[in-house]
1. Straight distance only, please: which lysines reach the Cα of B:Lys23 with their own Cα at less than 30 Å, same-chain residues fewer than 8 apart left out?
2. Quickly estimate the mean residue ellipticity at 222 nm for chain A, helices only: each DSSP H run with n ≥ 4 gives -39500 (n - 2.57), and the total goes over all residues, rounded to 500.
3. Averaged over A:138-146, how many beta carbons belonging to a partner chain fall within 10 Å of each residue's beta carbon?
4. With the label 7 angstrom out along Cα to Cβ, how close does A:Arg14 come to the same site in each of the other copies, in nm, nearest first?
5. Determine which chain A residue has its Cβ at minimum distance from the rotation axis mapping A onto B, giving the value in whole Å.
6. Report B:Asp70's accessible area, 1.4 Å probe, all protein chains in place, as a number in Å² to the nearest 10.
7. Specify the angular offset, from 0 to 90 degrees and rounded to the nearest 10, of the alpha carbon long axis of helix A:139-168 from the longest principal axis of the alpha carbons in chain A.
8. How shielded is A:148-158 by partner chains, expressed as the average number of their Cβ atoms within 10 Å of its Cβ atoms?
Number of protein chains: 2
Amino acid sequence: MSLRHALLGLLSDRPASGYDLLKLFETSLANVWPATQSQIYTELTKLDGTGLITVAAEGPRGRKEYAITDEGLAELRHWLTETRPQRNTRSDVLLRVFFLGVLTPEQARGYLAELIEMSDQGYENLRRLMESVDWDDDDLSVYGRIALEYGLRFNAMRREWAEWAAGQIK
Amino acid sequence: MSLRHALLGLLSDRPASGYDLLKLFETSLANVWPATQSQIYTELTKLDGTGLITVAAEGPRGRKEYAITDEGLAELRHWLTETRPQRNTRSDVLLRVFFLGVLTPEQARGYLAELIEMSDQGYENLRRLMESVDWDDDDLSVYGRIALEYGLRFNAMRREWAEWAAGQIK
DNA sequence: ACTCTACATTCCAGTCTTGACATGTCACCA
DNA sequence: TGGTGACATGTCAAGACTGGAATGTAGAGT
């Protein structure tokens, strides 16, 4: 259950409402840990209930601005330092590769060609994002840029692999 | 819901029991689409119910050997050719990177050092697997090797990225 | 005869996730 | 004043996933 920690992480930077957080998920975190609106609001209510966050202010339109508590920050630090990432990564993309044998070689190469295109687009999107953001020196900027670099390298790697793979067929 | 297609894919190679499939998931597919025993048996029952697979033979100890039907094979091909992979990939590893700012630089570098080690171990495990399997010319061998190569490149990429990232801190 | 391991399946409670539906408010502009 | 779009939250059903408990059989070795 890392959604909890994703929310704690975002709130550790600054207080925010559910709506704010939803926007943050749609932009910065979308590639790493997608979450829907209903999930976010549900989890915020739970976090509030367990005292890891608290309603710091209320605004117009029923806006509730949540802030992380000391307890929440401790939980976030604990997650970062004491627990190992081990979420089994599921890859829709790679799963299909295993079964390309049921298709014709042409179709299989077609699938890999789509992956190449997908990787190129992913790369381009991230490159544009990299340029559009004006990076500060604050923590989220530094580590956001590091995560973005990961995305760039990942897409480049996948592209090259898909090209190599297409050459392996038949 | 790709577990369904993972099972169809494995059964397209040869008939198998739930137990056989569980073993296959534990070995070959574990890195790509992990599934638990209860999930597999539940899904097999559903697939049998919708006619995509059928009980081809019964063996000792209540063993039920499932085989893919023509309808199932059609569904598998449809999934491979007509639907685009778009499963949002969740990355526990990368999510943490976003929030390393709440730690000290030393702790953050410590996390990246663990990622380096994790990547090295992943690489080594796959390299050993690559050597231990005696690869045939059949489809699952060809595409299994291609998927394995992906894993090797992925781990190498992640290692290099983590090294670079550690240098970016502070 | 006995025991142990691998084989083999079924069921369940609880949680996570998806994709809606429902409801209402504020600010701006025409 | 009326309409629109962004702001803002809450709830629900259905399906996916986790982790475990329960149950039993066949075969291989001692």
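1. Candidates past the 8-residue exclusion: A:Lys170, B:Lys46, B:Lys64.
2. Rounded to the nearest 500, it is -22000 deg cm²/dmol.
3. Values: counts 1, 7, 3, 1, 7, 11, 3, 2, 13.
Mean shielding count: 5.
4. 6.0
5. A:Met157, 2
6. Spelled out: B:Asp70, probe radius 1.4 Å, area about 140 Å².
7. 20
8. Working: counts 0, 4, 10, 3, 1, 5, 7, 0, 1, 8, 4.
Average neighbour count from other chains, rounded to a whole number: 4.
The values are calculated or read from the model by the stated rules, or taken from the named source; none is laboratory data. Treat the numbers as computed from the prediction; the structure is a model and nothing was measured. Glycine also receives a Cβ, built like all others from the backbone with ideal geometry; neighbour counts cover every protein chain displayed. Areas reflect the complete protein model, heavy atoms only, side chains present, ligands, DNA and RNA absent. Shrake-Rupley method; radii C 1.70, N 1.55, O 1.52, S 1.80 Å.
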